[in-house]
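Q: A single structure is presented below for examination.
Coordinate-derived values only; no laboratory data. Nothing here was measured: the structure is a model prediction, and the numbers come from that model. Glycine gets a Cβ as well: all are built from the backbone with ideal geometry, and neighbour counts include every protein chain shown.
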Amino acid sequence: MAAALELIGMHAAYGRIEVLHGVDLVVPEASVFALLGPNGAGKTTTLKTIDGRLRPTRGCIHVAGTHVNGAAPDALARAGVISIPEGRGIFPNLTVAENVRMMTYAGRSADEVEDVAFGRFPILGERRKQVAGTLSGGQQQMLAMARALSSNPSLLLVDELSMGLAPLIVAELYEVLAQLATDGVAILLVEQFARTALAIADYAAIMVQGKVQHVGQPADLADVVSEAYLGATA
């Protein structure tokens, strides 16, 4: 299967402090890849380096076989690399509809992005005139996901989707992710709660102290996903 994303010896740093120490990772097309590990392992930094918010200091990033080191976030977004950051990443003072229409910068019309967003999450269509900051936490996360999907991603980067949400909402959102992979989207998912992510993942990796330590299918990593890596939250 072709690779939607390939990281080769990727290093990244904040100032003089190196956080990623040679990350190697391959995310196949049309798959869910869970990146797991304890707090401070470098998972979010990995996503930031992939989507252009942080420039790698060494190594290579390939998206669909194209070298993209140093590409700007907006250029990567137009190429299909879309992030759903931790903390939802919506505009709380805009309405639901205005949030969705922000995604027209990727070249799609307002009608197209609304059709995608509200088709996937009908409750958002019902609340299209509501100010986004007054939505429930689960609905805000739906809006963040709807905005991302409306730009027609080929590679979706998801950071801590379940944070602060009720289990039923988390299950609904993860069901959407699984369906997206079936529809052909590659998903790199960072998640603190390992079992939640592994339930839908095709592949997984354990990251510790800025390096990928283990890679395999979820069943292969059952013995590795333990308190030694993830604490009681696993």
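Q: If each DSSP helix of 4+ residues adds -39,500 (n - 2.57) and the sum is divided by the residues in the chain, what number results at 222 nm, nearest 500 deg cm²/dmol? Each step should come with its number before you reach the end.
A: Values: 9 runs with 74 residues, N = 234.
The per-residue figure over the chain is -8500 deg cm²/dmol.
Q: Express in nm, to one decimal, how much length is gained between Thr104 and Glu18 on full extension, taking 0.36 nm for each residue of separation and deducting their alpha carbon distance.
A: Numbers: separation 86, 0.36 × 86 = 30.96 nm, distance 3.60 nm.
Length difference between fully extended and current span is 27.4 nm.
Q: Follow-up. Gaussian network model of the chain, Cα springs within a sub-10 Å range: biggest mean-square fluctuation belongs to which of Gly15, Gly65, Gly40?
A: Most flexible of the set in this elastic network: Gly15.
Q: Rg (Å, one decimal) plus Dmax (Å, integer) for the alpha carbons of the chain?
A: 17.1, 49
Q: To continue, here is another question. Loop by DSSP (not H, G, I, E, B), at most 15 other beta-carbon atoms within 10 Å: where is the longest site-free stretch of the chain for trypsin sites (Lys or Arg not before Pro)?
A: Numbers: sites that count: Arg16, Arg53, Arg128, Lys129.
Longest site-free region, per DSSP loop and neighbour criteria: 130-234.
Q: While we're here: Using r as the Cβ-Cβ distance of Gln217 and Ser136, and R0 as 35 Å, what FRET efficiency do you calculate, to the nearest 0.05?
A: 0.50
Q: While we're on this one: Place a +1 charge on the Cβ of each Lys and Arg in the chain and a -1 charge on the Cβ of each Asp and Glu, then give the dipole magnitude about the Cα centre in debye, rounded to the nearest 20.
A: Working: 17 positive and 23 negative charges, 146 e Å.
So the magnitude is around 700 debye.
Q: 5 Å is the cut-off here: which amide hydrogens, built 1.01 Å from N in the peptide plane, fall below it relative to Gly59, excluding neighbours closer than 5 in sequence?
A: His11
Q: Moving on. Label Glu29 and Arg78 with points 7 Å out from Cα along Cα→Cβ: what is the distance between them in nm?
A: For the pair Glu29/Arg78, the computed spacing is 2.3 nm.
Q: A further question on this structure: If I model a spin label at Arg55 and His67 as a point 7 Å from the Cα along the Cα→Cβ vector, what separation in nanometres do I get?
A: 1.6 nm
Q: For the range 43-114, what does the alpha-carbon gyration tensor say about shape, rounded, prolate or oblate, given a ≥ b ≥ c as the root eigenvalues, a/c under 1.5 as rounded, and a/b over b/c as prolate? Write down the numbers at each step before the final one.
A: Values: a/c = 3.26, a/b = 1.70, b/c = 1.92.
Oblate.
Q: Would you give the gap between the C-alpha center of the range 1-64 and the C-alpha center of the range 79-117, rounded to a whole Å?
A: 24 Å
Q: Also, I was wondering about something else. Scan around Ile84 for amide H atoms under 5 Å from its own, H built in the peptide plane at 1.01 Å from N, and keep only partners 5 or more places away or cross-chain.
A: Leu157, Val158, Asp159
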